[in-house]
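Report on one structure; see the data block that follows.
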């Protein structure tokens, strides 16, 4: 598959042809396209089976257009390692769209190891969209350690938008200092014999820090999901919430372990978890309007993951 086809799969044509939009396109262990903008520095180094990336945003810098990262493997069998360090300067703002594209995967492993530092009064959002093959021959192992300085803002979204999950094992941990805000969301639809593991943790160590961990997962056929979300509040007036919703169909199996830990009497953390089949009333309503049971289930699951 050529670079043009990789860009087509990720649907980033406009970004690639816009000189005012920063981007980085990687196929396996090769940097095939790059562009940057004022105030944003991107350094890359090819390593065995992957790429080492350093991204830094200068202080007092607002990147107007979303930055596009495309990590792809167009081979049927391969290993891709992405080592990424991101440093967002004080009073700065950036939105990153990360496109992880594995359309031909039969036996592909994608490993990401990230370290992210969001400076004082800075804002960082990271939307990670995955495109997989229909064979489910992909193993995805993303890990990240994130630190939010005073009054920093973080928003992350992880979602599979096409293809089978295969096997995915997410492990993200965020530390929140004074007045910082964290929102982390994962939305995944598992089929066949897919395996979904999500482990997200938030450490609310700063006064008035806030955090929300949200997981929305569907498993059907023989797919399995294990969700482990943890919020720890140790500072005055820290606030947090863990929300996990899982829908099972067929022989799917799901487990949810929301953990909240509070060690300061002025902190407050809540949690909510639900696991079960699709709502029967919703199903009956949609079927009464002429939808088949299968199509009605798909529509309900799409609503959950939207």
Item to check | Per-pair calculated FRET efficiency, R0 = 35 Å: residue 268 and residue 143 via Cβ, rounded to 0.05 | outcome: 0.75
Next on the checklist: Just to be sure I understand the curve: with the Debye formula and one point per C-alpha of the range 231-306, what is log10 I(q)/I(0) at q = 0.17, 0.24, 0.26 Å⁻¹?
Outcome noted: -0.72, -1.03, -1.13
Item to check | Sequence-separation-based contact order of the range 165-306, relative, with Cα cut under 8 Å and 6+ spacing, percent | outcome: 20
Item to check | Scaled radius of gyration (Cα, divided by 2.2 N^0.38 Å) that the range 1-85 gives | outcome: 1.11
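What is the antiparallel percent of DSSP beta bridges lying wholly in the chain, to the nearest 5?
Values: 13 of 149 bridges.
Antiparallel bridges make up about 10 percent of those DSSP assigns within the chain.
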Item to check | Pairwise FRET efficiency - residue 193 versus residue 161, Cβ, R0 = 22 Å, nearest 0.05 | outcome: 0.60
Checklist entry - Between residue 257 and residue 77, 0.36 nm times their residue separation minus their Cα-Cα distance comes to what? => result 61.4 nm
Checklist entry - More than 16 Å apart: what percent of Cα pairs in the range 58-150 qualify? => result 59
Checklist entry - Once every DSSP H run of n ≥ 4 in the chain is given -39500 (n - 2.57) and the sum is divided by its residues, what mean residue ellipticity at 222 nm do you get, rounded to the nearest 500 deg cm²/dmol? => result -3000 deg cm²/dmol
Checklist entry - In the Gaussian network model of the chain, springs joining C-alpha atoms below 10 Å, which of 209, 274, 98 carries the largest mean-square fluctuation? => result 274
Checklist entry - Using 0.36 nm per residue, how much length does the chain from residue 234 to residue 8 gain when fully extended, once their Cα-Cα distance is taken away? => result 76.7 nm
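Express the Stokes-Einstein translational diffusion coefficient of the range 3-278 in µm² s⁻¹, to the nearest whole number, given a Kirkwood radius over alpha-carbon pairs, 25 °C and a viscosity of 0.890 mPa s. Let's see the in-between values first.
Details: Rh = 19.1 Å.
D, rounded to a whole number, is 128 µm²/s.
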Next on the checklist: Once you keep just the Cα pairs under 8 angstrom separated by 6 or more residues, what percentage relative contact order results for the chain?
Outcome noted: 10
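How big is D, in µm² s⁻¹, for the range 177-306 by Stokes-Einstein at 25 °C and 0.890 mPa s if Rh is the Kirkwood radius over C-alpha pairs? Each step should come with its number before you reach the end.
On the way: Rh = 15.7 Å.
Diffusion coefficient, whole number: 156 µm²/s.
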Checklist entry - Gaussian network model of the chain, Cα springs within a sub-10 Å range: biggest mean-square fluctuation belongs to which of 290, 39, 211? => result 290
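Since every read-out is calculated from the coordinates, none of them should be taken as a lab result. Small disclaimer: the values here were computed from a predicted structure and weren't measured. Reconstructed Cβ throughout: ideal geometry from the backbone, glycine too, with neighbour counts over all protein chains shown.
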